[in-house]
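The structure under discussion appears below in the form of structure tokens.
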Amino acid sequence: MRIRFWGTRGSLPAPLGVAAVRSKLRNALRKASGRSFADDAAIDRFIASELTFAEAGTFGGNTSCVEADLDSDEHLIFDLGSGVREFGNRVMSGAYPNKKKVFNILMSHPHWDHIMGFPFFVPAYIPGHTIRIYGGHSTLDNAFRRQHAEPSFPVDYSQLGARIEFITLDPAKTHDIAGAKVNLMRQHHTGDSYGYRIEHGGKAMVYSTDSEHKFEETGDAYPFVDFFRDADLVIFDAMYSLADAVSIREDWGHSSNIIAVELCHHAGARRLCLFHHDPNSDDRSIGEVLVDTRKFEELAREGRLPLDVLSAYDGLEITL
Amino acid sequence: MILTLEGTPAAVGRAVEAVRRFALGNGLGEAKAAALGVAVDEAVTNVVRHAYDGDPARSLTLSLSAGRDAVQVDILDNGHPFDPLAGEAALPEGGAEERDVGGLGLLLMRELVDEARYIRDGDRNKLMLRAFVGHSPDRREPGLA
Amino acid sequence: MGGMVATSEKKVGNASVLSPTGRVDVETTPPLQERLLPLLGQAGAVVVIDFSGVSYISSSGLRALMLGAKEAKAKGGKLAVCALNETVSEIFRISRFNQVVPVYADLNGALSALTPT
């Protein structure tokens, strides 16, 4: 399975501004001063070896939307944040010749940043397309209808051309969606959220965002340890530092990189991807959190094999 | 243990020997240690030839770790994006010399180690090879209540 | 995976000094927390946790410190830690707990800062 990250930012889109671009340029030129480059390839080599990702790239600004591209003729997507606009454009460009126009959406919850991309998801406007929106909440459709209604949006929900179905999933059962085995678990978040574990082709991935964990109170018996067990990839909301998550932002419904690593270690997960970046964080601080998280993973490892730690960015692709 | 190697064919032998010794010292049997060594040979050769275009000025990093029941080798480079696991696992037609590199690499990784993962992380290629002491454990089903 | 924590306690002037040893993790934190919170429940209490014998602290241990810091604030007391080894010091930095609880290099430094003469 191939995982594509279309939106990785938490709470609100956070586009890169002029000041940030200028600062990246200044930094790159400073590091390149005195050098000459024979060709573009030499420039690319310099960028790859002398600049960090946070310096040369950006973690991106769209809100939550992740695609699991499976060996299946239907699409599978997690959440409809602002990132889904670009996924829709890719669909419309004909990039998926082997897939039907059937979109299976697994919703963590209907908070605004997780649904805001839907009015700009072009495939929803086209008759003949099918969109199935799944979730643990039984009233998801209200949230979608409301954001399309006047005076918030010019095109009413009833004008959408695609056939749209809402399907409530029972967390006590295993579901078969787009050829994948899907389990879900209720998470601690205002109004509840749901994490998903999907298994397909011998690989397992977990999408767990907008979840506050009280792991430090419960240890190995914590049910999420089993939910994450041996996963090849865990996408995890690590929006805050641990100190913030347990103090001034307690009960804000998010978690930290420390809890992420501890949970993944206990579960024997292979790879952790930090997700739902704070819109108040710039590229440099998200890059620093990644460096720190890798350091902590080493300190906390204690006889375990390395857990690979990544930080999600808009455009990241991972093949499992 | 962290090894930094120059991007030359001569570095390959050093990497393989270091990995083999590390694996033997951490509980892997001769055969499995040798198999892991061959997988590392393939992987480092790929980096030198493909990701670095044979540029000897560029270095790559091997990170060796031992857990209670397995050994892991991470191979990191900052060359062109290159996924040795991409492509079909089938043997291409023709002799060994004519096999395309991706196909052979994938076969070797799949056959010689218990787990192989690749990620293009920012501007780095990272290949992770894992060999278990004894047999590869079965993936447990999630114990969902 | 918890090592035993044998926490010794002593009085230095009006300050209480707790000295846990081994790992402070999900298994060993509860007994430490049960001694820490009652101490800080007394108005104006001064408590220093001496980490010189501690090899590792997990999120559960950090959380106990957070509860302690809150209790100290509520009751007008003070809580500080000292003598962190390199690993524990890194964990404090990465988790930002060095901004939650004052960290001192050694016990004397902590005591002289918290109990001015």
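The values are calculated or read from the model by the stated rules, or taken from the named source; none is laboratory data. Nothing here was measured: the structure is a model prediction, and the numbers come from that model. All Cβ positions, glycine included, derive from the backbone under ideal geometry; neighbour counts span all protein chains shown.
Remarks
- Test set (1) buried (at least 19 other Cβ atoms within 10 Å of the Cβ); (2) within 25 Å of A:THR293 (Cα to Cα); (3) touching a Phe, Trp or Tyr at 6+ places or on another chain (Cβ under 9 Å) - C:THR87 fails condition number: (1)
Residue-wise test of (1) over 24 Å from A:GLU302 (Cα atoms); (2) of a type in the set (A, V, I, L, M).
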| position | (1), (2) |
| --- | --- |
| C:ASN14 | yes, no |
| C:LEU18 | yes, yes |
| C:VAL24 | no, yes |
| C:LEU40 | yes, yes |
| C:TYR56 | no, no |
| C:ALA74 | yes, yes |
| C:PHE92 | no, no |
| C:ASN98 | no, no |
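- Per-region count, segment A:48-72, residues of a type in the set (Ser, Thr, Tyr) and away from chain B (no Cβ under 12 Å): 3
- Residue that is farthest from B:THR8 (Cα to Cα), among those in segment B:62-77 that are of a type in the set (A, V, I, L, M, F, W, C) and at the interface with chain A (Cβ under 9 Å from one of its Cβ atoms): B:ALA70
- For segment A:224-252, a tally of residues being within 17 Å of A:HIS189 (Cα to Cα) and surrounded by fewer than 21 Cβ atoms within 10 Å (Cβ to Cβ) returns 7.
- Contact map, segment C:37-56: first residue within 14 Å of chain A (Cβ to nearest Cβ), second residue assigned to a loop (DSSP other than H, G, I, E, B), Cβ cut-off under 8 Å, separation 6 or more or different chains; pairs are C:VAL54/C:PRO20; C:VAL54/C:LEU84; C:VAL54/C:ASN85; C:SER55/C:GLY3; C:SER55/C:ASN85; C:TYR56/A:GLU302; C:TYR56/C:ASP25.
- Residue within segment A:24-44 that is charged (D, E, K, R), in a helix (DSSP H, G or I) and crowded, with 18+ Cβ neighbours inside 10 Å present: yes
- Residue within segment A:42-50 that is in contact (Cβ under 8 Å) with a residue 40 or more places away in the chain, of a type in the set (Val, Ile, Thr) and in contact with a Phe, Trp or Tyr (Cβ under 6 Å, 6 or more places away or on another chain) present: no
- Within segment A:259-267, the presence of at least one residue that is among the hydrophobic types (A, V, I, L, M, F, W, C), farther than 22 Å from B:ASP69 by Cα and within 14 Å of chain C (Cβ to nearest Cβ) is confirmed.
- Residues that are within 14 Å of chain C (Cβ to nearest Cβ) and modelled with pLDDT of 95 or more, drawn from segment A:183-221: none
- Residue within segment A:88-101 that is closer than 22 Å to A:LEU290 by Cβ and not polar (S, T, N, Q) present: no
- Qualifying residue in segment A:147-154 (condition: part of a loop (DSSP other than H, G, I, E, B) and either within 14 Å of chain C (Cβ to nearest Cβ) or aromatic (Phe, Trp, Tyr) (or both)): yes
- Among residues of segment A:239-287, those that are modelled with pLDDT of 90 or more and within 19 Å of the chain's Cα centre (by Cα), counted: 26
- Pick from segment A:290-320, criterion of a type in the set (A, V, I, L, M) and more than 7 Å from every other protein chain (Cβ to nearest Cβ), ranking: surrounded by the fewest Cβ atoms within 10 Å (Cβ to Cβ): A:VAL291
- Hits in segment B:7-24 (condition: touching a residue at least 24 places away in the same chain (Cβ under 8 Å) and closer than 20 Å to B:MET128 by Cβ): B:GLY7, B:ALA11, B:VAL12, B:ALA15, B:VAL16, B:ALA18, B:VAL19, B:PHE22, B:ALA23
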